[in-house]
Amino acid sequence: ALRYVRAHDAQLGIDPQRIAAAGGSAGGHLAAFTALVKGLDDPQDNLAVSCKPNALVLFNPVFNNGPGQWGYARVGDRYKEFSPVHNITQDAPPAVVFLGDQDKLIPVSVLRDFEAQMKQAGARCDAHVYPGAGHGFFNRDTAQGAWFTRTLIETDKFLASLGWLKGEPTMRSPQP
């Protein structure tokens, strides 16, 4: 899909150097995978067109498939072929990551490890942890928090910091 978008940039009216991959949970894994894991390309793809996004917007992503982590039972000893955290390099795109501290699938320690490895590689990682929020918290605003609005505003700020958007966010977040 990323190769298609990049290859059809003129037709789609987009800047091929401003493509972000985003997703939540397993979709966050897929987005991070496209940016960090090399290989496993479809042999029918035009490999001359990059599938690597220029930025990542990740919501409680599964980015560690190593021993003892989510997904390891499925991939076993091949986890390094699938696990984004095990494939971070200095050319990793900038990332913003959102996680609730009550997420029962992705512990905050997994996020902190990813953030540290990104920074150690010289890559940008803006991590946001939301107190009291569980897995999938960002999908809507609730009585417990304006999660959707707050993560949307932070995403806007992140994209603006990359020069992709101009001005301050026009939405205002209700106070937590």
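The values are calculated or read from the model by the stated rules, or taken from the named source; none is laboratory data. Quick caveat: nothing in here was measured; it's all calculated off a predicted structure. Glycine also receives a Cβ, built like all others from the backbone with ideal geometry; neighbour counts cover every protein chain displayed. Accessible surface areas use protein heavy atoms only, side chains included; no ligands, DNA or RNA. Shrake-Rupley method; radii C 1.70, N 1.55, O 1.52, S 1.80 Å.
Over 23 Å between Cα atoms, which of LYS38/LYS104; LYS80/LYS157; LYS119/LYS157; LYS52/LYS119; LYS80/LYS119 qualify? Before the final figure, lay out each step's value.
Details: LYS38/LYS104 29 Å; LYS80/LYS157 32 Å; LYS119/LYS157 19 Å; LYS52/LYS119 19 Å; LYS80/LYS119 20 Å.
Checking Cα-Cα distances, LYS38/LYS104; LYS80/LYS157 exceed 23 Å.
Look at the alpha carbon pairs under 8 Å that are at least 6 residues apart: their mean separation over the length of the chain gives a relative contact order of 17 percent. From the P(r) of the chain, can you give the percent of Cα pairs sitting at distances over 19 Å? Distances greater than 19 Å cover 59 percent of the Cα pairs.
Excluding ligands, DNA and RNA, the accessible surface per residue across the chain is 54 Å² with a 1.4 Å probe.
Here the accessible area of region 38-176 is 51 percent carbon and sulfur, with a 1.4 angstrom probe and all protein chains present.
Rounded to the nearest 5, what % of DSSP beta bridges with both residues in the chain are antiparallel?
On the way: 1 of 16 bridges.
That works out to approximately 5 percent antiparallel.
GLU168 sits with roughly 140 Å² accessible to a 1.4 Å probe, with DNA, RNA and ligands left out of the calculation. What whole number of Å gives the distance from the Cα centroid of region 133-176 to the Cα centroid of region 54-98? The two parts, judged by their Cα centres, are 23 Å apart. Sparse packing (at most 11 other Cβ atoms within 10 Å of the Cβ) combined with a DSSP loop state is found for the following trypsin sites (Lys or Arg not before Pro) in region 67-176: LYS104, ARG140, LYS166, ARG172.
Heavy atoms only, 1.4 Å probe, whole protein assembly: order LEU47, LEU105, LEU2 by accessible area, highest first.
Largest accessible area first, the residues go LEU47, LEU105, LEU2.
Distance between the pseudo-spin-label points of ASP45 and ARG112 (7 Å out from Cα toward the beta carbon): 3.4 nm. Each of TRP164 and ALA1 was given a label point 7 Å from its Cα along the Cα-to-Cβ line. The distance between the two points is 1.5 nm. In this structure ASP77 has an accessible area near 140 Å², from a 1.4 Å probe over the protein heavy atoms.
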